[in-house]
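Trainee: Quick one: the structure is below, and I'll ask about it shortly.
The values are calculated or read from the model by the stated rules, or taken from the named source; none is laboratory data. Here the structure is a predicted model, which means the values were calculated and not measured. Neighbour counts are summed over all protein chains in view; Cβ atoms, including those assigned to glycine, are modelled from backbone coordinates with ideal geometry. What goes into the accessible areas is simple: the full protein's heavy atoms, side chains included, and nothing from ligands, DNA or RNA. Shrake-Rupley method; radii C 1.70, N 1.55, O 1.52, S 1.80 Å.
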Amino acid sequence: MPTLTMAQALNTALRDALTADENVVVFGEDVGTLGGVFRVTDGLTRDFGEDRCFDTPLAESGIIGFAIGMAMAGFKPVVEMQFDAFAYPAFEQIVSHVAKIRNRTKGALSVPMVIRIPFAGGIGGVEHHCDSSEGYYAHTPGLKVVAPATVEDAYTLLRHAIDDPDPVIFLEPKRLYFSRADVKLVQGAPFGTATVRRAGRDATLIAYGPSVAVALETAEAAAAEGHDLEVIDLRSIVPFDDTTVMTSVRKTGRCIVIQEAQGFAGVSAEIAARVQERCFHHLHAPVLRVSGFDIPYPAPKLERLHLPGVDRVLDAVDRLQWNDIADTRWAVTA
């Protein structure tokens, strides 16, 4: 198995897709000669030519509009929004057209395209260079929304995204671009399949993208305090894997959802509602959320105070009403 960074795994996925299907094209701001701000498209123009990987003007709405036309004509565009908050000028195109064309044409037309968005924080970016915009896209019917948390999933999920017949918002955690791991370059589990990153019996931590690493670190720290926490990596927000999530919560009886985005009306609120609706009689404590604060994204020096970290998640663990833990453990093992 090769050892790759997440950026290299994404680059490999793009290379394999370009090789496998001549209709795949890659474009966006600085993705050609420069190879992308995070070097995800490094060498693609050199190896596949300017017809397959090329730079565009600095006009996000134009990039998406051009991609819509190409997708309707039979191509499979993979476009890059250079940073998460740079994508907002294209939001009208995404919501009004990308997400609705299949429905509007009663299935006669589709737009098989991937919109790659470096998202979330952890890099000390200045204004408009860090944001967590997944809630906007997840709230839009017609879009699939994916957020890998591991190097291997970066490859797997991007290959699935490019092959998908519908538009996919592919959220790439900026802070993980240069994380490194041994990977199997295979198209593994598809969208809508969450995974258990750590098994446990006392409570379930649900996370996606960059928050998965926080959940795993929290589980390690909680073990020293006597709590055995299970960690679920959603992998995709839309479609959502109810089965894996609810199976875990019904086993543990407690649940915390972690996200970097602001808490109000966010993805974590949807997850908490789903858990409460489906697992009410299994819960021993209210479902808790740990998120960013309900403020505009802060300046770089204040970022560490805004992002949910291990200490804030451990505080939530302490608030999970543990007075009945002896009965819970007996009921699970009996």
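Trainee: Which entry in (1) 0.99; (2) 1.05; (3) 0.95 matches Rg/Rh (Cα atoms, Kirkwood Rh) derived from the coordinates of this structure?
Mentor: Label of the calculated value: (1).
Trainee: Let me ask something additional. Express the relative contact order of the stretch 64-162 as a whole percentage, based on alpha carbon pairs under 8 Å and six or more residues apart in sequence.
Mentor: Working: 115 pairs, mean separation 31.0, N = 99.
Result for the stretch 64-162 is 31 percent.
Trainee: Mean separation of Cα pairs under 8 Å and 6+ residues apart, divided by the residue count of the chain: what relative contact order is that in percent?
Mentor: Values: 726 pairs, mean separation 50.9, N = 334.
Relative contact order here is 15 percent.
Trainee: Continuing with this model, one more query. Quote the charge dipole size of the chain about the Cα centre in Debye, to the nearest 20; the model charges only the Cβ of Lys and Arg (+1) and of Asp and Glu (-1). Write down the numbers at each step before the final one.
Mentor: On the way: 31 positive and 43 negative charges, 127 e Å.
Using Cβ point charges on Lys, Arg, Asp and Glu, the chain gives about 620 debye.
Trainee: Also, I was wondering about something else. Ranking request for peptides 54-61, 209-216, 270-277, 74-81: highest mean number of other beta-carbon atoms within 10 Å first, then the rest in descending order.
Mentor: Numbers: 54-61: 15.4, 209-216: 25.5, 270-277: 17.0, 74-81: 22.2.
Result, highest mean Cβ count within 10 Å first: 209-216, 74-81, 270-277, 54-61.
Trainee: Let me ask you something else. With a 1.4 Å probe and all protein chains left in place, how much of the accessible area of the chain comes from carbon and sulfur atoms, in whole percent?
Mentor: Of all accessible area on the chain, carbon and sulfur atoms account for 54 percent.
Trainee: Here is a follow-up. Using alpha carbons only, what's the Rg to Rh ratio of the stretch 144-264 with Rh from Kirkwood? Provide the component values of the computation, followed by the final result.
Mentor: On the way: Rg = 14.4 Å, Rh = 14.8 Å.
Taking Rg over the Kirkwood Rh, I get 0.97.
Trainee: Of R254, R104, which has the most accessible area and how do the rest follow, probe 1.4 Å?
Mentor: Details: R254 0, R104 130 Å².
These residues rank, largest area first, as R104, R254.
Trainee: Now, a different point. Regarding the stretch 146-188, what whole-number volume in Å³ per residue does the convex hull of its Cα atoms give? If you can, show how the numbers build up before the last one.
Mentor: Numbers: hull volume 2.6 nm³, N = 43.
For the stretch 146-188, the hull spanned by Cα atoms encloses 61 Å³ per residue.
Trainee: Leaving out ligands and nucleic acids, note down the accessible area per residue over the chain with a 1.4 angstrom probe, in whole Å².
Mentor: Details: 14130 Å² over 334 residues.
So the chain comes to 42 Å² accessible per residue, rounded to a whole number.
Trainee: Now for a separate question. With a cut-off of 8 Å between alpha carbons and a minimum separation of six or more residues, what is the relative contact order of the stretch 183-237 in percent? Intermediate results must be reported in sequence, preceding the final value.
Mentor: Working: 89 pairs, mean separation 27.7, N = 55.
RCO, the stretch 183-237: 50 percent.
Trainee: Normalised by the empirical 2.2 N^0.38 Å for globular proteins, what value does the Cα Rg of the stretch 219-262 take? Present the calculation step by step, with values, prior to reporting the outcome.
Mentor: On the way: Rg = 12.1 Å, N = 44, 2.2 N^0.38 = 9.3 Å.
Dividing the Cα radius of gyration by 2.2 N^0.38 Å gives 1.30.
Trainee: Of the cross-linked pairs K100/K184; K100/K251; K100/K301; K106/K174; K144/K174; K144/K251, which ones have a Cα-Cα span greater than 31 Å in the structure shown? Walk me through the numbers on the way to the answer.
Mentor: Numbers: K100/K184 35 Å; K100/K251 39 Å; K100/K301 40 Å; K106/K174 37 Å; K144/K174 20 Å; K144/K251 28 Å.
Flagged as over cut-off: K100/K184; K100/K251; K100/K301; K106/K174.
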